[in-house]
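Everything below concerns the one structure shown next.
The values are calculated or read from the model by the stated rules, or taken from the named source; none is laboratory data. Keep in mind that this is a model prediction, so the values were computed, not measured. Don't worry about glycine lacking a Cβ; one is built from the backbone with ideal geometry, like all the others, and counts go over all protein chains shown.
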Amino acid sequence: MKKIRFGILMVLMGLVISFLAAGCSGSSEPAAVKGGITENELDPAVWGEIYPIEYQSYLKNNQQSKTEFGGSEKESKFITEPEIRELFKGYGFSKDYNEDRGHTYAMEDLLSSKRVGDQTPGSCLTCKSPAVPKLMKNLGAAYYTTPLKDLAKDVKHAIACSDCHDPASMDLRVTRPAFAEAMQKQGIDVKKASKQDMRTYVCAQCHVEYYFEKNTSVVTYPWDKGLEPDQIEKYYDSFTFSDWQHPDSQAPMRKVQHPEFETWSTGVHGSAGVSCADCHMPYMREDGKKYSSHWWTSPLKTIEVSCQTCHDQDAEWLKERVLNTQERTQETQQRTSKVIVRAHQAIKTALAKQEADQSKIKEAQEMVSKAQWYWDWVAAENSRGFHNPVQALDSLGQAADYGYRAIELAEGSY
Ligand code: HEC
Ligand code: HEC
Ligand code: HEC
Ligand code: HEC
């Protein structure tokens with residue numbers, strides 16, 4: 001009897017303690033104001049009145065600082081790898097191509113890009129502003145085809161709170177339909193995703209390879225055959241998709257866009273279930289309160305809280321491992337881009353010879369397209385190999401191989 005009463009007492013005490021704990025953790029979010037954020041509130045400063053710690057760390061996205069291979073400066077890629085300009089000849093990326101920087105610059109960098117013109121479709125806004133979901137709802141299919149310059153007129157904010165959070169519950173949510181649809185096709189309902197998966201999915205709404213569907217300009221993810229570079233290549237092959245024609249080799253070309261999610265998913269960390277937020281949004285402390293960093297930047301600035309939560313090794317060793325991968329990836333990438341530039345030139349020379357075997361030239365053009373696809377898979381990804389070192393070097397190996405085959409075919413055609 002005594003034992004049971006003691007048991008009940010313990011349960012009651014447990015309830016009191018958990019009630020108090022809930023009260024404490026919720027104390028910085030007064031219920032009255034919390035309900036105050038509406039679905040239409042896009043301004044992060046207003047959200048910041050209720051969630052000041054997260055907002056303060058969000059403002060750090062305005063900082064610009066570099067790491068060895070990453071960082072948040074608007075640096076031109078043409079400086080580190082002049083071949084890039086040759087590889088994208090005839091396409092916007094040969095006019096202007098910068099390193100990525102903080103989320104808060106997304107609108108400014110989009111609108112000041114030399115790649116953007118009067119014809120640029122609204123689709124380009126999709127991963128830049130929290131205004132997008134409402135524009136999509138109001139305009140329907142016309143959202144994608146309305147010129148960007150018209151859509152952008154009323155857009156005030158770059159990537160912010162409502163892109164990832166439901167304002168009423170603060171739960172993480174997916175706000176970009178292309179991602180939800182592509183996952184649905186893989187049999188995954190993002191509405192039922194676990195908390196841990198959501199810590200990746202909110203990022204995967206934007207940090208992925210995508211294309212604009214012909215005629216409709218609808219943003220679409222090419223994942224029907226899988227997430228590996230060769231599977232995505234096969235998907236595009238199935239309807240002979242290309243972005244532009246290279247003016248020297250006349251080869252049909254494809255541009256890869258930042259495939260961070262795809263690359264991560266088959267790497268060591270992705271397959272072990274380590275989320276984007278685990279490394280890029282580590283838990284921090286301020287005045288004794290634990291919060292998630294909202295400064296999306298290089299985890300090399302915060303190794304202690306980004307990596308050492310799981311790894312026993314010291315910070316210097318961990319950084320050394322990252323740099324070792326990045327140095328090798330960068331060197332191999334730069335060597336490979338030289339091979340592909342030579343391939344475009346070799347085909348150009350062959351095209352000028354009347355006696356050249358046209359079928360060999362056509363094959364060489366196919367090879368140079370493939371070479372550049374595998375090269376770009378690594379070049380366009382933002383971790384310089386770290387998210388998946390094995391895939392990065394494997395891809396570059398394929399790129400070099402296709403590049404040399406293109407040169408051989410072109411030179412052997414006359
Ligand atoms: C790119 C996506 C993204 C954006 C944008 C974003 N958050 Fe978060 N936020 C997260 C993730 C991921 C977590 C961790 C949630 C978890 O683990 O359940 C989080 C957690 C939070 C939490 C819970 C407490 C904590 O710190 O872990 C609050 C409050 C919060 N965010 C406020 C904000 C505010 C305010 C803004 C805008 C200034 C914002 N968030 C913008 C992704 C985002
Ligand atoms: C709504 C689209 C969107 C979402 C959601 C999003 N990003 Fe981004 N992210 C971008 C864009 C666009 C840029 C480049 C901005 C620029 O260069 O102006 C970027 C840049 C970055 C950078 C580079 C910053 C630097 O300092 O160089 C990191 C790191 C990053 N994002 C991580 C994340 C993580 C982690 C998540 C999920 C928690 C996430 N992003 C969610 C669109 C998004
Ligand atoms: C195991 C930790 C880890 C995970 C998980 C991880 N990243 Fe990274 N990420 C890194 C490191 C390390 C770098 C390289 C930073 C540098 O070069 O300074 C990086 C670089 C980046 C960059 C470029 C940052 C810059 O400075 O320009 C982006 C964008 C990015 N990651 C997005 C993502 C997204 C999206 C995911 C999830 C799909 C993800 N990362 C998962 C560790 C991680
Ligand atoms: C949530 C846990 C977790 C976090 C956070 C994490 N890792 Fe890992 N890491 C793992 C696991 C699991 C493996 C697989 C091998 C193992 O069990 O050690 C791994 C493997 C590695 C490897 C060896 C494999 C390879 O691809 O080269 C390196 C290097 C590494 N991590 C570096 C980092 C760095 C740097 C960070 C921070 C930016 C980090 N990790 C953050 C869990 C984590």
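The single residue among Lys128, Lys60, Lys89 that is within 16 Å of ligand 1 (Cβ to nearest atom), in a loop (DSSP other than H, G, I, E, B) and either in contact (Cβ under 8 Å) with a residue 12 or more places away in the chain or out of contact with any strand residue (DSSP E or B) (no Cβ under 8 Å at 6 or more places or on another chain) (or both) turns out to be Lys128. Hey, does the stretch 33-50 have a residue that's at pLDDT below 90 and of a type in the set (A, V, I, L, M, F, W, C)? Looking for residues that are at pLDDT below 90 and of a type in the set (A, V, I, L, M, F, W, C), one finds at least one in the stretch 33-50, hence yes.
Based on what the data block shows, is Met284 surrounded by 15 or more Cβ atoms within 10 Å (Cβ to Cβ), within 28 Å of Gln63 (Cβ to Cβ) and aliphatic (A, V, I, L, M)?
So Met284 passes the test.
Would you mind stating whether Ser28 is in contact with a helix residue (DSSP H, G or I) (Cβ under 9 Å, 6 or more places away or on another chain) and at pLDDT below 50? It is true that Ser28 is in contact with a helix residue (DSSP H, G or I) (Cβ under 9 Å, 6 or more places away or on another chain) and at pLDDT below 50. Among Cys206, Cys279, which is part of a loop (DSSP other than H, G, I, E, B), crowded, with 21+ Cβ neighbours inside 10 Å and within 16 Å of ligand 1 (Cβ to nearest atom)? Within the list Cys206, Cys279, the selection yields Cys206. In the stretch 294-328, which residues are away from ligand 2 (no atom under 16 Å from the Cβ) and of a type in the set (Phe, Trp, Tyr)? Listed by number, the list holds a single entry, Trp317. Among the residues of the stretch 329-345, is there at least one that is basic (Lys, Arg) and either within 16 Å of ligand 2 (Cβ to nearest atom) or part of a loop (DSSP other than H, G, I, E, B) (or both)? No: the stretch 329-345 contains no residue that is basic (Lys, Arg) and either within 16 Å of ligand 2 (Cβ to nearest atom) or part of a loop (DSSP other than H, G, I, E, B) (or both).
Condition check ((1) within 22 Å of the chain's Cα centre (by Cα); (2) within 16 Å of ligand 1 (Cβ to nearest atom); (3) surrounded by 15 or more Cβ atoms within 10 Å (Cβ to Cβ)) across all residues:
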{"residue": "His246", "(1), (2), (3)": "no, no, yes"}
{"residue": "His258", "(1), (2), (3)": "yes, yes, yes"}
{"residue": "Ser265", "(1), (2), (3)": "yes, no, yes"}
{"residue": "His294", "(1), (2), (3)": "yes, yes, yes"}
{"residue": "Asp312", "(1), (2), (3)": "no, no, no"}
{"residue": "Leu318", "(1), (2), (3)": "no, no, yes"}
{"residue": "Glu327", "(1), (2), (3)": "yes, no, no"}
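The residues of the stretch 61-99 that are crowded, with 17+ Cβ neighbours inside 10 Å and within 15 Å of ligand 2 (Cβ to nearest atom), listed by number, are Asn61, Thr67, Phe69, Gly70, Gly71, Ser72, Lys77, Phe93, Tyr97, Glu99.
Residue pairs whose Cβ atoms lie under 6 Å apart, separated by 6 or more positions or on different chains, with the first residue in the stretch 237-262 and of a type in the set (Asp, Glu) and the second part of a helix (DSSP H, G or I), are Asp248/His344; Asp248/Lys348.
Test Ile50 against the criterion of being of a type in the set (Val, Ile, Thr), in contact with a helix residue (DSSP H, G or I) (Cβ under 8 Å, 6 or more places away or on another chain), within 26 Å of Asp166 (Cβ to Cβ) and surrounded by 13 or more Cβ atoms within 10 Å (Cβ to Cβ), and give yes or no. For Ile50, the condition - of a type in the set (Val, Ile, Thr), in contact with a helix residue (DSSP H, G or I) (Cβ under 8 Å, 6 or more places away or on another chain), within 26 Å of Asp166 (Cβ to Cβ) and surrounded by 13 or more Cβ atoms within 10 Å (Cβ to Cβ) - is met.
The set of residues in the stretch 303-326 that are free of Cβ contacts under 8 Å to residues at least 24 places away in the same chain and either closer than 30 Å to Glu408 by Cα or not in a helix (DSSP H, G or I) (or both) comprises Gln308, His311, Asp312, Gln313, Asp314. When Gln334 is tested against (1) closer than 21 Å to Asp394 by Cα; (2) surrounded by fewer than 18 Cβ atoms within 10 Å (Cβ to Cβ); (3) within 10 Å of ligand 4 (Cβ to nearest atom); (4) of a type outside the set (D, E, K, R), exactly one condition is not met: (3). Scanning the stretch 355-370 for residues that are within 17 Å of Phe241 (Cβ to Cβ) and either out of contact with any Pro (no Cβ under 8 Å at 6 or more places or on another chain) or at pLDDT below 95 (or both) yields Glu366, Val368, Lys370.
Can you confirm whether the stretch 283-302 contains a residue that is in contact (Cβ under 8 Å) with a residue 12 or more places away in the chain, over 30 Å from Tyr105 (Cα atoms) and not basic (Lys, Arg)? Looking for residues that are in contact (Cβ under 8 Å) with a residue 12 or more places away in the chain, over 30 Å from Tyr105 (Cα atoms) and not basic (Lys, Arg), one finds none in the stretch 283-302, hence no.
Residues in the stretch 140-177 that are over 17 Å from Thr120 (Cβ atoms), more than 16 Å from ligand 1 (Cβ to nearest atom), out of contact with any Pro (no Cβ under 9 Å at 6 or more places or on another chain) and free of Cβ contacts under 8 Å to residues at least 60 places away in the same chain: Gly140 only. Go through the residues of the stretch 345-354 one by one and say whether even a single one is touching a helix residue (DSSP H, G or I) at 6+ places or on another chain (Cβ under 7 Å) and within 16 Å of ligand 4 (Cβ to nearest atom). No, the stretch 345-354 contains no residue that is touching a helix residue (DSSP H, G or I) at 6+ places or on another chain (Cβ under 7 Å) and within 16 Å of ligand 4 (Cβ to nearest atom). Determine whether the stretch 158-165 contains at least one residue that is surrounded by fewer than 13 Cβ atoms within 10 Å (Cβ to Cβ), closer than 22 Å to Trp295 by Cβ, acidic (Asp, Glu) and modelled with pLDDT of 95 or more. Within the stretch 158-165, none of the residues are surrounded by fewer than 13 Cβ atoms within 10 Å (Cβ to Cβ), closer than 22 Å to Trp295 by Cβ, acidic (Asp, Glu) and modelled with pLDDT of 95 or more.
Out of curiosity, is Lys77 closer than 30 Å to Ser242 by Cβ and touching a Pro at 6+ places or on another chain (Cβ under 6 Å)? So Lys77 fails the test.
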